[in-house]
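Q: Below: one structure in structure tokens.
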Amino acid sequence: MSRNEDFLKTAESLKPVLLKEEAVPAGFAPRVLGENESCLLNYGNHFTGRLKLRIGYQGNHPDAPLWLRIQFAERESELEEDIDSYQGWISKSWIQREDIHLDVLPSEILLPRRYAFRYVKITVLAASSKYRMVLEEAVCIAESSADDSTLLPAHWDDDLPAEIDRTAVRTLHECMQYVFEDGPKRDRRLWLGDLRIQAKANEMTYRNYDLVKRCLYLFAGCTDEEGRIPAAVFLEPEPQRDDVMMFDYSLLFIQTLLEYYLSAGDLETLRELWPCAKRQMELAEAQFENDVVRDSDVLGWCVVDWDLNLNKQAPHFSHDSHLVAQPWTEIVLQPLLHAADPEVVYPSPQHLIQLPE
């Protein structure tokens, strides 16, 4: 197996329409800035979207371009970090900072990239002594596939859990784009481990089951030549699997599919994707050597921990036998088999795919 175009067509048919809303900074009023001056805008909540600016000038007609630096941050403290000295293994190209030149004022611009932020800092890097910049408007055009009108009500007796719940729901809201994104600020891919958690949260909040279904079909449509589910899928310019294959993430497809079925009651999808789920168990069996799942020095082969010095074998055993962890066998595989064909009594999972005794 590799790309399954039928599955990908199904995923495309489930592509959601992004809902848009406009947000403005709290207490916004026009700001007048000269060279080396800056202003901080607080939008009062976290938003994912694009920034639209309307900029004029005060004084004489501009005789030089306006050079601006625009920084986006989820926490205000991010704006004080020395990002130029950052040397981490995650690319600094994810840092949300733009330097732009405006040759003509007044001007209205829509920044082309999408950002995830609450705070925006605008600094005039250079201008002319003949004029000062006037920030007349700074509108965030936010977007998400989460429809807040469908959000299930939550009831809490204390303020703290209510605030935690509000923050968690907003986090899910921001990640719900064309898929359940790993995060709207960085990465923006569809990761299987994140999907499982997000789908469970979605069941208690938005209940957008079509988005979960779309993600399942994207994974099933982007397997490798052996039929292995990838850890992550890129969406643009077209769906494509990441080159990262994770032992535990591939197995999570089974659990996620089962939980989707139990929530949405979609037997047709379960039956169609069941062979793909079963294949993950067959591939898991091949990871065993002398009744022990093989460890690896490949970064990310098992995401239970990123430290290469830690052994990753233990999390993949049940407490009493050399089997792939119990959730993938008695708890997961058997219900999936029964749901796929309720009239058939299936043998136990270890006999079905001949896992080590």
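Q: Is one or more of the residues making up segment 226-234 more than 16 Å from the chain's Cα centre (by Cα), in a loop (DSSP other than H, G, I, E, B), crowded, with 20+ Cβ neighbours inside 10 Å and basic (K, R)?
A: Checked segment 226-234: at least one residue is more than 16 Å from the chain's Cα centre (by Cα), in a loop (DSSP other than H, G, I, E, B), crowded, with 20+ Cβ neighbours inside 10 Å and basic (K, R).
Q: Inspect segment 56-64 for any residue being under 30 Å from N208 (Cα atoms) and in contact (Cβ under 8 Å) with a residue 12 or more places away in the chain and give the result as yes or no.
A: no
Q: Give me the residue from segment 74-98 that is of a type in the set (D, E) and closer than 18 Å to Y119 by Cβ and, out of that set, surrounded by the fewest Cβ atoms within 10 Å (Cβ to Cβ). Show your work before the answer.
A: Quick first cut of segment 74-98, residues of a type in the set (D, E) only: 74, 76, 78, 80-82, 84, 98.
In the following step, the residues that additionally are closer than 18 Å to Y119 by Cβ were identified as 74, 76, 78, 80-82, 98.
Details: E74: 17, E76: 12, E78: 17, E80: 8, E81: 13, D82: 6, E98: 14.
Out of the qualifying residues, it is D82.
Q: Now a separate question. Output the residues belonging to segment 99-131 that are in contact with a Lys or Arg (Cβ under 7 Å, 6 or more places away or on another chain), closer than 16 Å to S38 by Cβ and not in a strand (DSSP E or B).
A: Within segment 99-131, none qualify.
Q: Criterion first (under 20 Å from L51 (Cβ atoms), outside any helix (DSSP H, G or I) and not β-branched (V, I, T)) does R186 satisfy it?
A: So R186 fits the description; yes.
Q: Quick check on D6: is it farther than 30 Å from V169 by Cα, out of contact with any Lys or Arg (no Cβ under 7 Å at 6 or more places or on another chain) and exposed (fewer than 13 other Cβ atoms within 10 Å of the Cβ)?
A: Here the answer is yes, as D6 does meet what is asked.
Q: Of all the residues that make up segment 132-172, how many are part of a strand (DSSP E or B) and closer than 19 Å to R186 by Cα?
A: 5
Q: Restricting to segment 101-130, and then to whatever is in contact with a His (Cβ under 8 Å, 6 or more places away or on another chain) and crowded, with 17+ Cβ neighbours inside 10 Å, can you tell me which residue is nearest to E143 (Cα to Cα)?
A: Applying the filter and picking the extreme gives A116.
Q: Output the number of the condition that Y119 fails; it satisfies all remaining conditions of (1) closer than 20 Å to E21 by Cβ; (2) in contact with a Cys (Cβ under 6 Å, 6 or more places away or on another chain).
A: Among (1) closer than 20 Å to E21 by Cβ; (2) in contact with a Cys (Cβ under 6 Å, 6 or more places away or on another chain), the lone unmet condition for Y119 is (2).
Q: R207 - would you say it is surrounded by fewer than 22 Cβ atoms within 10 Å (Cβ to Cβ) and either outside any loop (DSSP other than H, G, I, E, B) or at pLDDT 95 or above (or both)?
A: Yes, satisfied.
Q: Something else: Sort through D99, D84 and tell me the only one that's out of contact with any strand residue (DSSP E or B) (no Cβ under 8 Å at 6 or more places or on another chain) and free of Cβ contacts under 8 Å to residues at least 40 places away in the same chain.
A: Answer to the check: D84.
Q: On the basis of being hydroxyl-bearing (S, T, Y) and in contact with a strand residue (DSSP E or B) (Cβ under 8 Å, 6 or more places away or on another chain), does Y249 make the cut?
A: yes
Q: If the requirement is being among the aliphatic types (A, V, I, L, M), surrounded by fewer than 22 Cβ atoms within 10 Å (Cβ to Cβ) and closer than 30 Å to E37 by Cα, which of these qualifies: L160, L172, L135, L151?
A: L135
Q: If I filter segment 26-51 down to residues being closer than 19 Å to R113 by Cα, out of contact with any helix residue (DSSP H, G or I) (no Cβ under 7 Å at 6 or more places or on another chain) and not charged (D, E, K, R), which single residue comes out as surrounded by the most Cβ atoms within 10 Å (Cβ to Cβ)?
A: Within segment 26-51, the subset closer than 19 Å to R113 by Cα is 41, 43, 46-51.
Now narrow it down to the ones that are out of contact with any helix residue (DSSP H, G or I) (no Cβ under 7 Å at 6 or more places or on another chain): 41, 43, 47, 49-51.
So of that shortlist, the ones also not charged (D, E, K, R) come out as 41, 43, 47, 49, 51.
Values: L41: 23, Y43: 20, F47: 26, G49: 22, L51: 23.
Of everything passing the filter in segment 26-51, F47 is surrounded by the most Cβ atoms within 10 Å (Cβ to Cβ).
The values are calculated or read from the model by the stated rules, or taken from the named source; none is laboratory data. Please read these numbers as outputs of a predicted model, since none were measured by experiment. Because the Cβ atoms are built from the backbone with ideal geometry, glycine has one as well, and the counts that use them run over all protein chains shown.
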